[in-house]
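Here is the structure we will look at, set down as structure tokens.
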């Protein structure tokens, strides 16, 4: 039996995320996501009756942070 616990698996380097094209796509997606995130936030505030939730800008940022790498992985 082989002992592989002594050697860590090789990890691929994450693509460089500081390019101008990446930032342009990120902020376009971010600004388009703001109205939808705000609507979802209002719905969740009404539904849960609390303001202890991530705000609309945080939700839009997370959405852009999730979608933009998918575009660049193709």
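Determine whether segment 28-35 contains at least one residue that is without any contact (Cβ under 8 Å) to a residue 40 or more places away in the chain and either outside any helix (DSSP H, G or I) or exposed (fewer than 12 other Cβ atoms within 10 Å of the Cβ) (or both).
Yes, that holds for at least one residue.
Kindly list the number of the only condition in (1) modelled with pLDDT under 95; (2) more than 16 Å from the chain's Cα centre (by Cα) that fails for residue 69.
(2)
The values are calculated or read from the model by the stated rules, or taken from the named source; none is laboratory data. None of these values were measured; they are calculated from a predicted model. For neighbour counting, all protein chains shown are included, and Cβ atoms are generated from backbone atoms with ideal geometry for every residue, glycine included.
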